[in-house]
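Inspection log for the structure reproduced underneath, given as structure tokens.
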Amino acid sequence: MKQISILCYHYIREAPEGSDPASWNYKLSVPPANFQAQMDYLHDNGYITLDMRDIAYHKKHNLPFPAKSVVLTFDDGHRSLWGEAKILFDAYKFRGVAYLVANWVGSESTYITWAQARSMQAFGLFEFGSHTVSHPYLPQIAWEQQVTELYGSRDALRNQLNVPITSIAYPYGEYTTPVRQELKWAGYFTGVST
């Protein structure tokens, strides 16, 4: 089985004015024109987008991934999912994985709402996965809190979206061996890190 490329996005936006180029706020921002150019490239060159359910299926059955396949992920649930990503995904019939921080959904005007997530799911554009309840650095919090973050996010997303939640993106890309084992018991099939 060959490997597959996973492209991870956070914010499809211009970097906030005055932000330090060394800051996460700057580094995690992809200008809309750049995002469009990347999606145009994938579309024009015949790439197929998969989600993490596809990855789990192919791995479970030891199947090769389709030629020119890629996974597009979006961490945090930024409102640009509802804008730039949704528009291009709909036009190109792409699919992706949106990893939501349960406590951030609908907060302020920065993140998508549950209604928007349900709409995107209904159109088959996105699989939704966990990015924990509050986006902590998992290796640095107590075990009980880690478990609450893993199960609480899964349960909140499952209750709001009425689908199994089987994939997680580890906040800051960090996890421990006990966390990975707990994820299996919690019903997660896949986990991604940056």
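The values are calculated or read from the model by the stated rules, or taken from the named source; none is laboratory data. In this text the structure is predicted, and so the values were computed from the model without any measurement. Please note: Cβ atoms are built from the backbone with ideal geometry, for glycine as well, and neighbour counts cover all protein chains shown. These accessible areas exclude ligands, DNA and RNA; they are computed on the full protein's heavy atoms, side chains included. Shrake-Rupley method; radii C 1.70, N 1.55, O 1.52, S 1.80 Å.
Points worth noting:
- Complete set of residues in the range 69-94 that are open to solvent by 50 Å² or more (accessible area, probe 1.4 Å) and either closer than 23 Å to Pro136 by Cβ or modelled with pLDDT of 95 or more (or both): Arg79
- Listed by first and then second residue, the pairs linking a residue in the range 140-155 that is farther than 14 Å from Tyr170 by Cα to a residue that is open to solvent by 40 Å² or more (accessible area, probe 1.4 Å) and at pLDDT below 95, with Cβ atoms under 9 Å apart and 6 or more places separating them unless they lie on different chains, are Trp143/Pro178.
- Residue match in the range 153-163 (condition: under 21 Å from Arg79 (Cβ atoms), open to solvent by 10 Å² or more (accessible area, probe 1.4 Å) and outside any helix (DSSP H, G or I)): no
- Residue that is hydrophobic (A, V, I, L, M, F, W, C), surrounded by fewer than 17 Cβ atoms within 10 Å (Cβ to Cβ) and either under 30 Å from Asp44 (Cβ atoms) or at pLDDT 95 or above (or both), where the choices are Ala122, Ala117, Ala142: Ala122
- Test for Ser134: is it small (Gly, Ala, Ser) and assigned to a loop (DSSP other than H, G, I, E, B): yes
- The residues on offer are Phe65, Phe74, and the sole one that is touching a helix residue (DSSP H, G or I) at 6+ places or on another chain (Cβ under 7 Å) and more than 30 Å from Ser109 (Cα to Cα) is Phe65.
- Residue match in the range 95-110 (condition: farther than 19 Å from Pro171 by Cβ, assigned to a helix (DSSP H, G or I) and not small (Gly, Ala, Ser)): no
- Counting only helices (runs of 4 or more DSSP H) that fall entirely inside the range 1-65 and contain at least 1 residues that are touching a residue at least 12 places away in the same chain (Cβ under 8 Å), surrounded by fewer than 18 Cβ atoms within 10 Å (Cβ to Cβ) and in contact with a Lys or Arg (Cβ under 8 Å, 6 or more places away or on another chain), the qualifying elements are 32-44.
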